[in-house]
Every structure is written in structure tokens, then in C-alpha cells.
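See below for the structure under consideration.
The values are calculated or read from the model by the stated rules, or taken from the named source; none is laboratory data. Worth saying up front: this structure is predicted, and the values here are computed from it rather than measured. Cβ: placed from backbone, ideal geometry, glycine included. Neighbour counts: every protein chain shown. Each accessible area value is taken on the protein alone, full model and side chains, heavy atoms only, with ligands, DNA and RNA left out. Shrake-Rupley method; radii C 1.70, N 1.55, O 1.52, S 1.80 Å.
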Amino acid sequence: MIALLLEAIVASSVSGGICGYLGVYLQRLKLITLGFAVAHGALAGASIAIMMSCNVEILAFAFGILIAMTIETLHAKFNVERDLASMFLFSFSSAVAIIAIYLTPTMLLTSDIASLLLWGSILVITLGKIILLLAILAAMLIYTRAFRLELNSLLFDSRLAESEGINIEFHAMALIVFSAGIISVMLRFIGGLLLFSMIFGPAVSATTVTHRRQALVGALVGSAAGIFGVLVSFYFDLPIGATIALSIITSSIVVAVVSRLYHNFRIRRLLNY
Amino acid sequence: MEYAVEMYNVSTAYPKSNDVALSNINLTVLQGDFVLITGPNGAGKTTLLELIIGFLKPLRGALYVLGLKMPENRMRVRRMCGYVMQNFMKPPETPYTALEVVLMGLAPFKKPFDGLSEWEKDLVENVLQLLGIDNIIDKPFGTLSGGQQQRIMLARALIRRPKLLLLDEPFSSIDRESRREFAELLYDIRNSYKTTILVVSHDTEPLEDLVDGIIKLKDGHIVDEKWTS
Ligand SMILES: Nc1ncnc2c1ncn2[C@@H]1O[C@H](COP(=O)(O)OP(=O)(O)OP(=O)(O)O)[C@@H](O)[C@H]1O
Ligand SMILES: [Mg+2]
């Protein structure tokens with residue numbers, strides 16, 4: 001039990017950190033809906049994997065990437081806005097997921113399989129997955145360190161960066177691969193419906209707290225809220241995914257409000273003296 | 001002599017637009033030329049620069065930049081260019097200092113994990129002094145005035161040591177007294193480094209006697225072309 005709790009805490013804090021970090025980049029590069037579509041692509045992949053009883057994570061990852069590449073192709077070749085393409089494919093993924101779940105040959109009720117994928121379960125966390133998560137974290141840190149100047153240039157102004165010869169597609173794809181990776185590893189833990197709260201929640205608080213080091217703030221908020229969510233879920237025996245999602249959303253709101261109040265307080269002090 | 005820009009019967013349009021933004025442009029610019037592009041609003045000046053940098057494709061005709069066919073070679077061409085965009089302004093909350101913004105210009109030349117080399121630091125320092133911005137370099141970029149931001153962007157383009165410099169209204173926020181100074185600075189850069197410079201400007205006066213050619217656009221056509229030599 002304790003081992004399970006520890007594993008859940010590590011998994012949740014590491015993935016919360018990675019998602020928080022990624023979320024800030026996705027938001028700043030206006031790829032938020034793309035991340036959303038990738039998450040649903042992963043969900044479709046996972047459903048198909050369950051239907052055909054093959055590896056859930058690998059198929060989720062492959063489908064996430066496939067959806068991202070389709071969106072990029074629609075965007076580049078057919079001039080379709082990324083947001084529009086993302087929402088279009090999001091419905092496609094959801095439909096595929098529902099049909100796959102419906103067709104799954106099993107003794108379980110359809111709703112049981114659905115709940116496994118959509119709500120998440122703590123039981124799917126294994127040591128292997130934790131190592132995988134740490135590997136993704138390490139890869140992402142190395143990537144952002146290696147391309148720091150290029151990434152900053154992209155975040156400052158992507159069009160200018162493009163005009164200077166920076167390969168935007170490469171970096172967009174790298175971020176998508178990281179997102180798809182973390183999403184597919186965490187899909188059955190947090191649940192497909194709640195995963196993006198981990199990506200978007202910390203981004204909200206990061207943008208309200210600071211202009212510099214947003215990615216770091218996002219990672220910290222995501223990580224702390226992830227731990228808190230696991231503890232609350234264990235203590236009150238609540239579904240893990242939903243509790244983590246609520247924890248992240250609440251923390252993001254708290255962080256945003258506190259930083260707002262602090263900012264107002266500082267201004268008032270400045271005006272009074 | 002080699003050409004920096006060659007356009008043969010080039011026409012282009014913006015995606016999703018039914019209008020032709022430039023039509024039947026024939027233009028050759030020699031390497032090392034200093035060229036002024038002028039014309040009324042909507043004439044196609046910015047479009048011309050976007051074509052050269054590869055943001056737009058020629059729908060008709062052939063375009064070569066620095067001897068390379070466009071848009072196929074746009075990644076290589078972009079690394080050899082410096083582009084200062086029109087009306088480039090950032091809001092106060094932009095999370096980078098002016099110096100950071102300048103240094104980003106070097107990003108495409110860096111290998112992963114590379115930092116700045118000593119000669120690059122010297123170069124940056126020289127450029128900043130030359131443009132009179134070494135005193136504002138540590139301020140947040142977005143809090144600088146319009147003219148200061150414009151100088152920073154010019155510095156960013158210059159530290160890339162481009163073969164071809166594309167400047168879109170680079171003086172629009174620069175005070176009148178400094179404009180002539182800047183025009184002369186560009187003239188010196190051209191003379192020292194043989195940089196080809198295309199500058200778009202409504203205010204032709206500070207540049208007229210320094211440039212090798214003046215190109216006048218209107219409604220997507222070249223309506224006048226003057227070359228000194
Ligand atoms: N993104 C765009 N989409 C569609 N049409 C555009 C776009 N940008 C410019 N145009 C059109 O192309 C034509 C040329 O515009 P361009 O921006 O090149 O003018 P300009 O000469 O730079 O004008 P200004 O002096 O105002 O900067 C105009 O008719 C304009 O409406
Ligand atoms: Mg213009």
C-alpha cells in the first residue's frame with residue numbers, strides 16, 4: 001500500500017512537473033489546442049489497443065503523433081488553421097475511441113472499460129513507468145538546455161525566428177513528441193478526460209505569476225499539485241485522476257489569486273510611500 | 001558580378017487572397033548594392049521583402065536570392081539574411097531583456113549547447129555602441145520606447161553579419177536627427193562588409209544621395225527605377 005502510494009506520488013509529481021513545463025511552451029507557441037487534440041488521439045489509440053489487446057502506451061503514443069502530424073499537414077498544405085484542424089480531429093479521435101470501446105470483446109461492461117480509460121486508475125503505475133517518466137523528464141531538460149537560444153527566439157517571436165532560419169516545424173514536432181510521450185504514459189493513470197488539466201492548469205498560474213521563468217513556475221505548480229492530489233485521493237478514497245485534476249485546477253486558481261493580491265499589495269505600498 | 005536578388009517576371013499573392021500583391025516584377029540587385037524601395041501604402045513593398053525571405057512563394061516567374069532558387073532554398077537563404085520587420089513592437093510584459101533579444105539573432109548559427117564565443121561578445125558590444133544602445137541593453141525589451149526597440153531590432157539583424165539586409169521602414173520611429181546618422185551607418189556597413197541592403201522607406205530624404213538605386217512600387221508594379229551607376 002505504502003509502495004503504491006509512493007509510486008503514485010513520484011509518478012504524479014514528475015508528470016505534473018513535465019506537463020506544467022510543456023504547457024507553458026505549448027501556450028506560448030499557440031499550440032494549446034494541438035496538445036488537446038494529441039491527448040484525444042492518444043485516447044483513441046489506447047481504446048484501439050484495448051480492443052485488439054496490444055500495448056496501450058505504444059498505440060496511444062503512435063496515435064497522438066499521427067494526429068499531430070495530420071494537423072500539421074492540414075495546416076501547412078491546405079492552409080487550415082491549427083485550432084480548427086485540432087478540433088476537427090478531436091471529434092474524430094473521440095468517435096474512434098467510442099467505437100473501439102464499444103467493439104471491445106470482453107466480459108466487462110463497456111462502461112467499465114470506458115471508465116478505466118477516461119477516469120484513470122492508480123493501479124496502472126509500475127516501476128517501469130516511473131523510469132519511463134524520469135527518462136522523458138531527462139530528455140526534455142536536455143532538449144530545452146541544448147536549444148535554449150532557439151526556443152527563446154521562438155517564444156519571443158516565432159515569425160521573426162522563422163525569418164532568421166530557425167526550423168519551427170522541428171521544434172513544434174519535438175514539443176508534440178514530448179506531449180504525446182507523457183500523455184500516453186499517464187493516460188491510464190490520470191484518465192483521458194482529465195489529462196490536459198495537467199498541461200493547461202499550471203500554464204494558467206504561470207502566466208499570472210511571472211513573465212520570466214514561466215516554464216519553471218508551471219513545472220513547480222504542476223508537481224506540487226500532483227503530489228497534493230494523490231494524498232487527498234488516498235486519504236478520502238477518491239478517484240485518483242479526478243482528484244489530481246481538481247487539485248491542479250484549485251492550485252492554479254489559488255496561485256493566480258495570491259499572486260494578484262500580492263501584486264496589488266506591492267503597488268499600494270509603492271503609492272503610499 | 002554576382003546577384004543578390006534576381007526576379008524574373010515574378011507574381012505573387014497572399015494565401016486566401018484573391019488579389020495579386022505583386023505582378024510581373026523584374027528586378028536584379030547586385031551583391032553589395034544599397035537599394036531604396038519606396039511607394040505608397042499598399043504598394044507591395046513589404047510583400048517584396050516577404051517574397052525574398054521566403055514567407056511567400058512566387059506563383060509565376062523565377063526568384064533567386066544570393067544565387068539560390070527560392071522558395072526551395074529558403075532555410076539556407078534565411079541564415080544569410082537579416083530582416084527587420086515593419087512595425088515590430090512588443091508589449092511591456094515581454095519576458096526578455098534587450099540584450100537577450102539581440103543575442104537571439106545568433107540562435108540559428110549555434111550548435112546545441114553552444115554558448116557565445118569571445119569574438120561574438122566583442123561583435124555584439126561593437127554593434128550596440130555603434131547604434132547608441134549600450135546603455136539600455138539590460139532593460140526589459142517591451143518597456144523600451146518604439147525607437148529604442150527599433151534600434152535593438154536593427155542590432156539583432158546586424159550581429160548576424162548578413163550577406164543581405166532587408167529593412168522594412170527601419171526609421172519609422174527613429175527621431176529625425178538620428179535618421180541621417182543611421183542611413184550613413186548603413187552606407188558604411190555596405191562599404192566595409194559588402195552587405196547588400198534593401199531598405200523600404202517612405203522617408204526617402206536621408207537615404208537618397210547614399211543609395212545606388214531607388215525602386216518605386218505602386219499597386220504591385222515597379223513604376224520607376226533609378227540606378228546611379
Ligand atoms: N497578410 C495579407 N493577406 C492578404 N493581403 C495582404 C496581406 N498583407 C498585405 N496584403 C495586401 O497586399 C498588398 C501589398 O501590401 P504590402 O504590405 O506589401 O504594402 P506596403 O507597400 O508594405 O504598404 P505600407 O507602406 O503600408 O507598409 C496590399 O494590397 C495589402 O492589402
Ligand atoms: Mg509595408
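Compute the acute angle (0 to 90°) between the alpha-carbon long axis of helix B:118-130 and the principal axis of greatest extent of the alpha-carbon atoms of chain B; round to the nearest 10°.
Computed tilt is about 80 degrees.
Rounded to a whole number, what % of the accessible area of region A:2-193 do carbon and sulfur atoms account for, probe 1.4 Å? Spell out each step's value before the answer.
Details: 5960 of 8100 Å².
C and S fraction of accessible area: 74 percent.
Between the chain alone and the structure with every protein chain in place, find the residues of region B:92-111 that drop at least 40 Å² of accessible area; heavy atoms, 1.4 Å probe.
The answer is B:Glu93, B:Pro95, B:Tyr96, B:Met104, B:Ala107, B:Pro108.
Give the long-range amide H neighbours of B:Tyr83: residues separated by 5 or more places, or on another chain, with amide H under 5 Å away, using H modelled in the peptide plane at 1.01 Å from N.
Here the answer is B:Leu166, since their amide H atoms fall under 5 Å of that of B:Tyr83.
With every protein chain kept in the model, how would you rank B:Glu205, B:Glu93 by accessible area, 1.4 Å probe, largest at the top? Please report the intermediate quantities before stating the final value.
Numbers: B:Glu205 130, B:Glu93 90 Å².
Correct descending sequence by accessible area is B:Glu205, B:Glu93.
Can you tally the net charge around B:Leu144? Count Lys and Arg as +1, Asp and Glu as -1, for every other residue whose Cβ sits under 10 Å from the Cβ of B:Leu144. Display every interim value, and only then the final one.
Details: positive: B:Lys90, B:Lys139, B:Arg151; negative: none.
Residues close to B:Leu144 contribute a combined charge of +3.
Given springs between every Cα pair under 10 Å in a Gaussian network model of chain B, which of B:Thr97, B:Thr46, B:Thr196 has the largest fluctuation?
B:Thr97
How much length would be gained if the chain were fully extended between B:Thr28 and B:Glu177, taking 0.36 nm per residue of separation minus their Cα-Cα distance, in nm to one decimal? All intermediate terms of the calculation are to be shown ahead of the outcome.
Working: separation 149, 0.36 × 149 = 53.64 nm, distance 3.22 nm.
Value of the extension gain: 50.4 nm.
Tell me which residues come under 5 Å, amide H to amide H, from B:Lys69 once H is placed; ignore anything under 5 positions away on its chain.
none
Which value at 222 nm does chain B reach when only helices count, each DSSP H run of 4 or more adding -39,500 (n - 2.57), with the total divided by all residues and rounded to the nearest 500 deg cm²/dmol? Walk me through the numbers on the way to the answer.
Values: 6 runs with 66 residues, N = 229.
After summing the helix terms and dividing by the residues of chain B, the value is -8500 deg cm²/dmol.
Once a ≥ b ≥ c are taken as the square roots of the eigenvalues of the Cα gyration tensor of chain B, is the result rounded (a/c under 1.5), prolate (a/b larger than b/c) or oblate (a/b not larger than b/c)?
Numbers: a/c = 1.58, a/b = 1.44, b/c = 1.10.
Because a/c hits 1.5 or more and a/b exceeds b/c, chain B counts as prolate.
Which value, in debye to the nearest 20, describes the size of the charge dipole of the protein assembly as shown about its Cα centre when Lys and Arg Cβ atoms bear +1, Asp and Glu Cβ atoms bear -1, and nothing else is charged?
Numbers: 42 positive and 42 negative charges, 172 e Å.
Using Cβ point charges on Lys, Arg, Asp and Glu, the protein assembly as shown gives about 820 debye.
Quick check: with the 1.4 Å probe, what order do B:Lys121, B:Lys110 take by accessible area, largest first? Don't skip to the answer; put the middle values down first.
On the way: B:Lys121 95, B:Lys110 35 Å².
Solvent-accessible surface, decreasing: B:Lys121, B:Lys110.
Treating only the Cβ of Lys, Arg, Asp and Glu as charged (+1, +1, -1, -1), what charge dipole size does chain B show about its Cα centre? Round to the nearest 20 debye.
For chain B, the charge dipole is close to 900 debye.
If you roll a 1.4 Å probe over the heavy atoms of the protein chains, what accessible area per residue do you get for chain B, in Å²?
Per-residue accessible area for chain B comes out at 47 Å².
Projecting each Cα onto the charge dipole of the protein assembly as shown (Lys/Arg +1, Asp/Glu -1 at the beta carbon, about the Cα centre), which of B:Val127, A:Ile125, A:Ala49 comes out farthest on the positive side?
A:Ile125
B:Ala4: net charge of surrounding residues, Cβ under 11 Å, Lys/Arg +1, Asp/Glu -1, itself excluded? Numbers along the way, then the final one.
Values: positive: B:Lys163, B:Lys194; negative: B:Glu2, B:Glu6, B:Asp33.
Combined, the nearby Lys, Arg, Asp and Glu give -1.
In square angstrom, what is the accessible area per residue of region A:2-193 with a 1.4 angstrom probe?
On the way: 8100 Å² over 192 residues.
Accessible area per residue, region A:2-193: 42 Å².
Considering only B:Val20, B:Val200, B:Val65, give the residue with the highest GNM mean-square fluctuation for chain B, with springs between Cα atoms whenever their separation is below 10 Å.
Largest GNM mean-square fluctuation: B:Val20.
With θ set to phi - 60°, apply the Karplus curve 6.51 cos²θ - 1.76 cosθ + 1.60 along region B:50-63 and write out the HN-Hα couplings as whole Hz, x wherever there is a Gly or Pro.
These are the phi-based 3J(HN,Hα) values: 5, 5, 5, 7, x, 6, 10, 9, x, 7, 9, x, 10, 10 Hz.
Roll a 1.4 angstrom probe over the protein heavy atoms and tell me the percent of accessible area of region B:83-229 that is carbon or sulfur.
Numbers: 3370 of 7060 Å².
Exposed carbon and sulfur together represent 48 percent of the surface.
Total Å² of accessible surface buried at the A-B contact, 1.4 Å probe, nearest 100? Intermediate values should be presented prior to the final figure.
Numbers: alone 14270 and 11940 Å², together 23660 Å².
Buried: approximately 2600 Å² between B and A.
Over the Cα atoms of region A:1-128, what Rg and Dmax result, in angstrom?
Calculated on Cα positions, Rg and Dmax stand at 16.2, 53 Å.
Please report, in whole Å, how far the alpha carbons of chain A spread along each principal axis, starting with the longest.
Extents along the principal axes: 72, 51, 30 Å.
Report the relative contact order of chain B, percent, no decimals, based on alpha-carbon pairs under 8 angstrom and at least 6 residues apart. Please list the in-between numbers first.
Numbers: 440 pairs, mean separation 67.8, N = 229.
Rounded, it is 30 percent for chain B.
Can you work out the Karplus-derived ³J(HN,Hα) for every residue in region A:5-21? Use 6.51 cos²θ - 1.76 cosθ + 1.60 with θ = phi - 60°, whole Hz, and x for glycine or proline.
Computed from phi, the couplings for region A:5-21 are 4, 4, 4, 4, 5, 4, 4, 5, 6, 5, 5, x, x, 4, 5, x, 5 Hz.
Determine the gain in length on full extension of the stretch B:Asn87-B:Ser117; use 0.36 nm per residue of separation and subtract their C-alpha separation, reporting nm with one decimal.
Details: separation 30, 0.36 × 30 = 10.80 nm, distance 3.15 nm.
Gain in length upon complete extension: 7.6 nm.
Just reorder A:Thr104, B:Thr28 by solvent-accessible area, largest first, 1.4 Å probe, all chains present. Please report the intermediate quantities before stating the final value.
Details: A:Thr104 20, B:Thr28 55 Å².
Most to least solvent-accessible, the answer reads B:Thr28, A:Thr104.
Tell me which residues come under 5 Å, amide H to amide H, from B:Leu59 once H is placed; ignore anything under 5 positions away on its chain.
Correct list: B:Ser11, B:Thr12, B:Ala13.
For the protein assembly as shown, what number results from the quotient of the Cα radius of gyration and 2.2 N^0.38 Å? Could you put the intermediate results ahead of the total?
Numbers: Rg = 26.7 Å, N = 502, 2.2 N^0.38 = 23.4 Å.
So the Cα radius of gyration is 1.14 times the expected 2.2 N^0.38 Å.
Relative to the longest principal Cα axis of chain B, at what angle does helix B:146-158 sit, 0 to 90 degrees, rounded to 10?
Taking the Cα atoms of chain B, the angle to B:146-158 is about 80 degrees.
Excluding residues on the same chain fewer than 8 positions from B:Lys45, give the lysines whose Cα lies under 28 Å from its Cα.
Leaving aside lysines fewer than 8 places away in the same chain, those within reach of B:Lys45 are A:Lys77, B:Lys16, B:Lys57, B:Lys69, B:Lys90, B:Lys163, B:Lys194, B:Lys216, B:Lys218, B:Lys226.
Report, in degrees rounded to the nearest 10, the 0 to 90 angle that the Cα long axis of helix B:176-193 makes with the longest principal axis of chain B.
Its long axis makes an angle of about 80 degrees.
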